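Structure record follows, encoded as structure tokens.
The values are calculated or read from the model by the stated rules, or taken from the named source; none is laboratory data. Treat the numbers as computed from the prediction; the structure is a model and nothing was measured. Note that we place each Cβ from the backbone using ideal geometry, even for glycine, and neighbour counts take in every protein chain shown. Each accessible area value is taken on the protein alone, full model and side chains, heavy atoms only, with ligands, DNA and RNA left out. Shrake-Rupley method; radii C 1.70, N 1.55, O 1.52, S 1.80 Å.
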Amino acid sequence: MNPEEISKKRNIILIGFMGTGKSSVGCKLAEKLGWTFVDTDALIERKESLTIPEIFALHGESRFRETEHEVLHEALRQSSQIIATGGGAVLRRENRELMLERGWVVALTAAQDIIVRRVEQDPARPLLQGNARQRVAELMERRKDAYGFADVTIDTTDLTVEAIAELILARRQV
């Protein structure tokens, strides 16, 4: 990678299905690097003055995805950040392109049973309303190829947050 390309990739962007550890790992990486941690879901809630479940209930997923795109675009104007995206941020082509242009993209994965255990009791996950196990399976199947554009993929199933952060830093290209 030439110096110009490296300067553009000035953030580490964590992508992956819900419950793979993006926020926890992002906080740990930011601490280790002395960088800023940015959680796009938190930015969305701040911008809309609503929780994510409220946005989904009042305005639907399409409004949420539009706001998600706006906050991601704004966040990626900065540098030296660890950015944790929502699990569906990768569904929009423009988001994927922007992430690759402005950061080093790390996909976090985990076994389906682990994800279910991590998220099934979380009321802040509007896409899991109803049978969480079934919804996770359906969403994982629909998104199985959505994270493949990442620069690196790390399976978080059997790893601690510390171990995941160390793996990312060992493979780091930013």
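Select the strands (runs of 3 or more DSSP E) contained entirely in region 62-173, then report the ones holding at least 3 residues which are open to solvent by 10 Å² or more (accessible area, probe 1.4 Å).
Correct list: 152-155.
Would you be able to tell me the number of residues in region 23-48 that are β-branched (Val, Ile, Thr) and either touching a Lys or Arg at 6+ places or on another chain (Cβ under 6 Å) or surrounded by fewer than 19 Cβ atoms within 10 Å (Cβ to Cβ) (or both)?
1
Tell me, please, whether a residue that is acidic (Asp, Glu) and under 19 Å from residue 92 (Cβ atoms) can be found in region 25-32.
Scanning region 25-32 turns up no residue that is acidic (Asp, Glu) and under 19 Å from residue 92 (Cβ atoms).
Among the residues of region 142-170, which ones are free of Cβ contacts under 8 Å to residues at least 60 places away in the same chain and charged (D, E, K, R)?
Answer for region 142-170, where residues must be free of Cβ contacts under 8 Å to residues at least 60 places away in the same chain and charged (D, E, K, R): 142, 144, 145, 151, 155, 158, 166.
Search region 59-82 for residues that are in contact (Cβ under 8 Å) with a residue 12 or more places away in the chain and pair each with any residue that is open to solvent by less than 70 Å² (accessible area, probe 1.4 Å) and among the acidic types (Asp, Glu) when their beta-carbon atoms are under 8 Å apart and the residues are at least 6 apart or on different chains.
These pairs meet every condition: 67/48.
Scan region 8-41 for residues that are farther than 22 Å from residue 97 by Cα and of a type outside the set (Ser, Thr, Tyr) and jot them down.
19, 21, 25, 27, 28, 29, 30, 31, 32, 33, 34, 35
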